[in-house]
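Asks: Next up is a structure, given as structure tokens.
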There are 2 protein chains.
Amino acid sequence: MFKAKVTVTLKKSILDPQGSTVERALKSMGYPVESVRIGKYMEVVLAEEDKNKAEGLMHEICSKLLSNPVIEDYSFELEG
Amino acid sequence: MFKAKVTVTLKKSILDPQGSTVERALKSMGYPVESVRIGKYMEVVLAEEDKNKAEGLMHEICSKLLSNPVIEDYSFELEG
């Protein structure tokens with residue numbers, strides 16, 4: 001059993017209006033913020049005992065379902 | 001300058017219908033998934049040179065703005 005902690009972020013070249021809004025809000029409150037980018041976070045528990053297989057499955061799941069490879073990058077860490 | 005990688009997750013006792021939907025979808029596609037929980041991920045770049053101050057600022061920002069402490073937990077890592 002492995003727990004994968006997945007983060008999905010917009011590629012650098014893609015505008016992030018949600019992040020810009022949070023950035024402006026924080027700046028207007030006086031926080032010394034340079035930039036904010038917003039992404040997604042997911043925890044997936046896999047019923048798989050082999051770490052290599054779990055890694056392969058996660059790459060498949062992330063690229064097919066949890067992220068849009070045209071505009072997003074994903075990364076994950078396996079724990080377990 | 002520090003980059004904080006923030007994850008905000010629903011507390012364990014809070015239902016996560018979005019996660020359940022993804023879980024069902026993955027199961028129906030034959031993936032050996034046990035559970036899925038969905039959260040938020042944010043990267044905040046702070047113009048602050050002192051690590052302790054940056055940490056204090058991030059705790060303030062996370063608890064006041066980036067998460068709802070009633071239903072969510074946050075954690076962050078500072079890089080920089």
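Nothing in this text is a laboratory measurement; each read-out follows from the coordinates by a stated rule. None of the values given here were measured: they were computed from a predicted structure. Positions of Cβ are generated from backbone atoms using ideal geometry, with glycine treated the same way; all protein chains shown enter the neighbour counts.
Asks: For the range A:66-80, which positions are closer than 15 Å to A:Lys40 by Cα and out of contact with any helix residue (DSSP H, G or I) (no Cβ under 7 Å at 6 or more places or on another chain)?
Replies: Passing the criteria: A:Leu66, A:Ser67, A:Asn68, A:Ile71, A:Glu72, A:Asp73, A:Ser75, A:Glu77.
Asks: Now for a different question. Do you know which residues across the range A:48-77 are aliphatic (A, V, I, L, M) and surrounded by 17 or more Cβ atoms within 10 Å (Cβ to Cβ)?
Replies: Residues satisfying the conditions are A:Ala54, A:Leu57, A:Met58, A:Ile61, A:Leu66.
Asks: Identify the single condition in (1) touching a residue at least 40 places away in the same chain (Cβ under 8 Å); (2) of a type in the set (A, V, I, L, M); (3) part of a helix (DSSP H, G or I) that A:Leu65 does not satisfy, given that it satisfies every other one.
Replies: (1)
Asks: In the range A:9-21, which residues are buried (at least 18 other Cβ atoms within 10 Å of the Cβ) and either facing chain B (nearest Cβ under 8 Å) or more than 18 Å from B:Val6 (Cα to Cα) (or both)?
Replies: Those that are buried (at least 18 other Cβ atoms within 10 Å of the Cβ) and either facing chain B (nearest Cβ under 8 Å) or more than 18 Å from B:Val6 (Cα to Cα) (or both): A:Thr9, A:Gly19.
Asks: To continue, here is another question. Quick one: in the range B:8-52, which of the residues that are assigned to a helix (DSSP H, G or I) and of a type in the set (Val, Ile, Thr) is nearest to A:Glu72 (Cα to Cα)?
Replies: Among those residues, the one meeting the criterion is B:Val22.
Asks: Any residue at all in the range B:61-75 that's more than 30 Å from A:Arg24 (Cα to Cα) and β-branched (Val, Ile, Thr)?
Replies: Looking for residues that are more than 30 Å from A:Arg24 (Cα to Cα) and β-branched (Val, Ile, Thr), one finds none in the range B:61-75, hence no.
Asks: Could you check B:Ser75 against (1) part of a strand (DSSP E or B); (2) at the interface with chain A (Cβ under 7 Å from one of its Cβ atoms); (3) not aliphatic (A, V, I, L, M) and say which number it fails?
Replies: All conditions are met except number (2).
Asks: If B:Val70 meets every condition in (1) at the interface with chain A (Cβ under 7 Å from one of its Cβ atoms); (2) outside any helix (DSSP H, G or I); (3) hydrophobic (A, V, I, L, M, F, W, C) apart from one, which number is that one?
Replies: That leaves (1) as the condition not met.
Asks: Here is a check on your reading of the model: is A:Val45 within 9 Å of chain B (Cβ to nearest Cβ) and crowded, with 19+ Cβ neighbours inside 10 Å?
Replies: no
Asks: Same structure, new question: List every residue pair whose Cβ atoms sit under 6 Å apart, with the two residues 6 or more apart in sequence or on different chains, where the first one lies in the range A:22-42 and is at the interface with chain B (Cβ under 7 Å from one of its Cβ atoms) and the second, anywhere, is among the small types (Gly, Ala, Ser) and surrounded by 21 or more Cβ atoms within 10 Å (Cβ to Cβ).
Replies: That search, which allows pairs on different chains as well, returns A:Tyr41/B:Gly39.
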